[in-house]
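Below is one structure; the comments refer to it alone.
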Amino acid sequence: MSGPSGLTSGLAFLPNWMNDAKDAVAFDALLSAWVRASGWKSAGVLWPVDGKPAVATVVRPDGTTEPTAPPPELAEPLRVLRGGSQTVVWQLPGTCGRLYTLLHPLGRPAGVIWAERAGPDAWTDADRNYLLLSARLIERSPALAARVGPLVDADRLQQRLADAALIAGRMAHDFDNVLTGIIGFADLTVPLVPANSQPAKFVSEISKVGQRGITFTQQLHQLSRAAQVKPQPGTPSAVVTKEETRLRPNMPSGLQLVTDFPPGLPAVGMEAGPLGVVLGHLIENATDASPPNGRVVVTGRTVELSAADTRTYLGRLAPGGYVEIAVQDYGTGIKPEVRAKLFAEPFYTTKVRHRGLGLAVAYRTLHAHGGGIRFEPPADLGTTVRVVIPPAAARPPAAAATTHTPRAAVASYPGV
């Protein structure tokens, strides 16, 4: 800022970020007003578009916007920020340089925000703290939500799913009893009617409907039990093989399921049962999205996540080592309007006869085991989903002792 008066006017402006905003234009208008109030030369915001870094807007005090390329030095400030620094200054000839910090919209890709000002005065600690405070407000603002799509509050999502899971468990037990009676009496009726007759076909359909109901109540049970921590070691490659055997009869004709798990990949701190539920849902979604003779690739590797990396996942992660399992299909991809609703609207689904429980179960299970999930930014073809789970040697802490931190459900662009 240009001095105490700039700091005072800048702080006075910050509550405006929390005002209601109905369209994306409001974000540019607020950003421009923020630059004027702060006394800066310009400011810019950048986040991924189609998996590549793109400048959302660069504004100047007169309100003009500049669609321009990312700053040429961007990679180096991002490297420093990813290393744990909260802010970084990039020196520029004739100015005090650009001041950078990360921007983490809830449930969206991580981005970056920077400011420039004229004059030789160096950025002070007060300037740095002001930019950090501004970033925390901007990333939660209705204006940014209008610009990038619905924001996911991980704490609220977890609470909503926990409430739904309690109801689901009670309903599932009662429905199991009803469906067992329907299926049982249908089976008893089969020998009493002529084979291949119309009544026999009706009874057969009743039994099939009952079986579909059982499949649904099994998902309700999974949602109810998903928060139970079972950190006994599970082997991802063995679980994927088992899930392929289960799903193969319903896969599209000629579909290839390719797996790549390196020798020595650590076991994860999640029992084979819940691990199979998580990976089974993801693989089933990928195969459903694949055309005949298509391909689904499931890979595993170890990764080291920084604090900035953990914010690109939806879940309960701390910096450290994880086992990453990626499921990639080569279908038509997820439409933007559908992608915007994933996790932002629990139980959202586009599938006939589905209730959107698969991702909800996967998320609750991963959350309970200290893991996370994210959808990669859109690619030219298909969808990639990544989950990370602590290795078996690193048992997650009890969920009740953890302070939940909002996490993003989609990957950040390279460098963020």
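Things to note:
- The set of residues in the range 272-299 being in contact with a Gly (Cβ under 6 Å, 6 or more places away or on another chain) and farther than 20 Å from PHE216 by Cα consists of ALA272, ALA289, SER290, PRO292, ASN293.
- Entry remark, the range 71-121: residues being part of a loop (DSSP other than H, G, I, E, B), free of Cβ contacts under 8 Å to residues at least 40 places away in the same chain and within 14 Å of LEU46 (Cβ to Cβ) number 2 in total.
- Looking only at residues of the range 37-53 that are more than 18 Å from ALA135 (Cα to Cα) and surrounded by fewer than 20 Cβ atoms within 10 Å (Cβ to Cβ), we find that the one that is modelled with the highest pLDDT is LYS52.
- For first residues located in the range 239-260 and touching a residue at least 40 places away in the same chain (Cβ under 8 Å) and surrounded by 14 or more Cβ atoms within 10 Å (Cβ to Cβ), partners that are charged (D, E, K, R) and part of a helix (DSSP H, G or I) and lie 6+ apart or on another chain with Cβ distances below 7 Å form the pairs LEU247/GLU284; LEU257/GLU244.
- The set of residues from the range 277-297 being touching a helix residue (DSSP H, G or I) at 6+ places or on another chain (Cβ under 7 Å), part of a helix (DSSP H, G or I) and not charged (D, E, K, R) comprises VAL277, VAL278, LEU279, GLY280, HIS281, LEU282, ILE283, ASN285, THR287.
- Test: GLU271 is among the charged types (D, E, K, R), within 23 Å of the chain's Cα centre (by Cα) and surrounded by 16 or more Cβ atoms within 10 Å (Cβ to Cβ): yes
The values are calculated or read from the model by the stated rules, or taken from the named source; none is laboratory data. All figures in this text were calculated on a predicted structure; none of them were measured in a lab. Glycine also receives a Cβ, built like all others from the backbone with ideal geometry; neighbour counts cover every protein chain displayed.
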